[in-house]
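A.B. asks: The structure is given below, and queries will be raised subsequently.
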């Protein structure tokens with residue numbers, strides 16, 4: 001097998017921690033000696049053994065090659081440094097997919113191994129590793145969570161009929177997949193308009209998984225005190241200065257936290273909200289709607305990925321996004337690294353968001 005094939009196995013292992021490793025990165029490791037895989041493991045959850053620890057458990061690793069999807073750590077946190085473990089076990093070669101952008105590591109793990117004479121190679125399947133850990137990289141590099149925007153729409157881009165009725169545009173398979181997206185995120189955000197129109201619970205149903213933190217963008221605290229989002233998983237209401245203190249107390253009495261955020265034209269500033277979420281170790285936020293929040297997310301260039309569920313029907317109703325203010329096609333937002341799933345009669349397209357830069361240059365905010 002080649003380095004790429006062994007690293008592919010390590011990436012597949014890392015994927016197993018998608019719903020449990022956060023806010024830590026998903027990491028997998030494979031130990032190869034004399035052409036045979038003698039150990040493998042992945043990081044399951046914060047505080048548990050890192051991928052290298054689990055892969056080396058019970059393995060005679062002297063002279064072995066360790067394939068790991070992220071640079072071995074070099075600091076003592078909840079667990080000892082993995083770089084020291086690799087040296088103690090006398091491995092001969094370490095192949096890692098990418099450097100760790102965390103400023104506590106940032107190349108120091110690789111440097112420690114090299115100083116001790118270990119052969120180190122970096123970059124094998126690096127792009128795949130970066131996509132796998134998009135939320136972790138965004139949190140460390142930009143100081144905010146990675147943002148996935150979910151849209152459920154008809155073929156003509158409607159999220160509801162003109163009356164506001166939206167149940168159900170997509171079928172049960174798409175809804176189950178949507179709950180899987182919730183389970184993958186640490187927090188889920190909607191505007192208060194969605195709460196007033198649909199009274200959603202925003203929890204995880206239909207599948208096994210932990211319900212995310214609920215974040216309601218509600219500049220003037222219009223949310224009803226009997227809203228379903230105030231039950232179940234913890235809820236944060238984001239408003240702006242000047243709201244009634246009695247209203248704040250009433251929501252706090254219901255168990256919610258109320259954050260007074262910076263404002264942008266009287267609305268909750270998304271950048272400030274994201275910074276606050278990042279300070280709470282939230283690395284992945286799912287935005288579910290509605291169109292005003294989607295528009296604001298694109299205007300602020302904070303949406304990193306879209307998950308667009310499309311049903312084979314024409315509604316001619318309320319647009320999923322609406323006017324983004326572009327005067328030319330070359331100003332538009334391009335979607336890259338697209339994947340498409342069939343979910344019964346519906347489809348799901350997942351894609352990374354690429355923002356235009358003036359004369360057509362593009363960039364991903366998470367890159």
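Only the coordinates and a few stated rules stand behind these numbers; no lab work does. All values derive from a computational prediction rather than experimental measurement. Note that we place each Cβ from the backbone using ideal geometry, even for glycine, and neighbour counts take in every protein chain shown.
A.B. asks: Compute the relative contact order of the stretch 1-134 as a whole-number percentage, counting only Cα pairs closer than 8 Å that sit 6 or more residues apart in sequence.
C.D. replies: 21 percent
A.B. asks: Considering the zone a paramagnetic label at residue 207 would reach in this model (a point 7 Å from Cα along the Cα-to-Cβ line), which residues of the stretch 305-336 have amide N under 14 Å from it?
C.D. replies: 307-309
A.B. asks: If you stretched the chain out fully between residue 337 and residue 12, how much longer would it get, using 0.36 nm times the residue separation minus the C-alpha to C-alpha distance? Walk me through the numbers on the way to the answer.
C.D. replies: Numbers: separation 325, 0.36 × 325 = 117.00 nm, distance 1.85 nm.
Roughly 115.2 nm would be gained on extension.
A.B. asks: Now for a separate question. Could you give the length gained by full extension between residue 167 and residue 279, i.e. 0.36 nm per residue of separation minus their alpha carbon distance, to one decimal place?
C.D. replies: 36.8 nm
A.B. asks: Sticking with this structure for a sec: To the nearest Å, what is the center-to-center distance of the stretch 210-283 and the stretch 129-151, using C-alpha atoms only?
C.D. replies: Taking the Cα centre of each part, the stretch 210-283 and the stretch 129-151 sit 22 Å apart.
A.B. asks: Further question: Quick check: pseudo-label points 7 Å beyond the Cα along Cα→Cβ at residue 48 and residue 355, how many nm apart are they?
C.D. replies: Spacing of the two 7 Å Cα→Cβ label points: 3.6 nm.
A.B. asks: Counting only the backbone N, which residues of the stretch 281-323 are under 11 Å from the spot 7 Å out from the Cα of residue 155 toward its beta-carbon?
C.D. replies: Backbone N within reach: 311-315.
A.B. asks: What percent antiparallel are the DSSP beta bridges of the chain, to the nearest 5? Please list the in-between numbers first.
C.D. replies: Details: 31 of 68 bridges.
The antiparallel fraction comes to roughly 45 percent.
A.B. asks: Here's a follow-up. Show that you can apply the helix-only estimate: for the chain, add -39,500 (n - 2.57) for every DSSP H stretch of four or more residues, divide by all residues, and state [θ] at 222 nm to the nearest 500.
C.D. replies: -7500 deg cm²/dmol
A.B. asks: Helix 172-184 sits at what angle to the longest principal axis of the chain, using alpha carbons and giving 0 to 90 degrees rounded to 10?
C.D. replies: 60 degrees
A.B. asks: With labels modelled as points extended 7 Å from the Cα through the Cβ direction, what inter-label distance (nm, one decimal) is found for residue 222 paired with residue 111?
C.D. replies: Computed distance between label sites residue 222 and residue 111 equals 5.4 nm.
A.B. asks: Between helix 270-279 and the chain, what is the angle of the helix's C-alpha long axis to the longest principal axis, kept within 0 to 90° and rounded to the nearest 10?
C.D. replies: Between the helix axis and the principal axis of the chain, the angle is about 40 degrees.
A.B. asks: Quick check: from the Cα gyration tensor, does the stretch 1-134 come out rounded (a/c under 1.5), prolate or oblate?
C.D. replies: Rounded.
A.B. asks: Here are some values of volume of the Cα convex hull per residue in Å³: (i) 143; (ii) 156; (iii) 186. Which one was computed from this structure?
C.D. replies: Structure-derived value, by its label: (ii).
A.B. asks: How much of the DSSP bridge set in the stretch 143-352 is antiparallel, in percent, rounded to the nearest 5?
C.D. replies: Here the share of antiparallel DSSP bridges comes out near 35 percent.
A.B. asks: Continuing with this model, one more query. Only bridges whose two residues both fall in the stretch 1-134 count here: according to DSSP, what percent of them are antiparallel, nearest 5?
C.D. replies: 55 percent
A.B. asks: Taking 7 Å along the Cα-to-C-beta vector as the label spot, tell me the residue 324-residue 264 distance in nanometres, rounded to one decimal.
C.D. replies: Label-label distance for residue 324 and residue 264, simple model: 1.5 nm.
A.B. asks: Next up: Which whole-number percentage describes the relative contact order of the chain, with Cα contacts under 8 Å and a sequence gap of 6 or more?
C.D. replies: The normalised contact order for the chain reaches 15 percent.
A.B. asks: Now for a separate question. Could you work out the relative contact order of the stretch 143-352, using alpha carbon pairs under 8 angstrom and six or more residues apart, expressed as a whole percent?
C.D. replies: On the way: 422 pairs, mean separation 69.6, N = 210.
Averaging sequence separation for qualifying contacts and normalising by length gives 33 percent for the stretch 143-352.
A.B. asks: Based on the Cβ-Cβ distance of residue 37 and residue 122, what FRET efficiency does E = 1/(1 + (r/R0)^6) give at R0 = 25 Å, to the nearest 0.05?
C.D. replies: Values: r = 21 Å, r/R0 = 0.84.
Working from the Cβ atoms, E equals 0.75.
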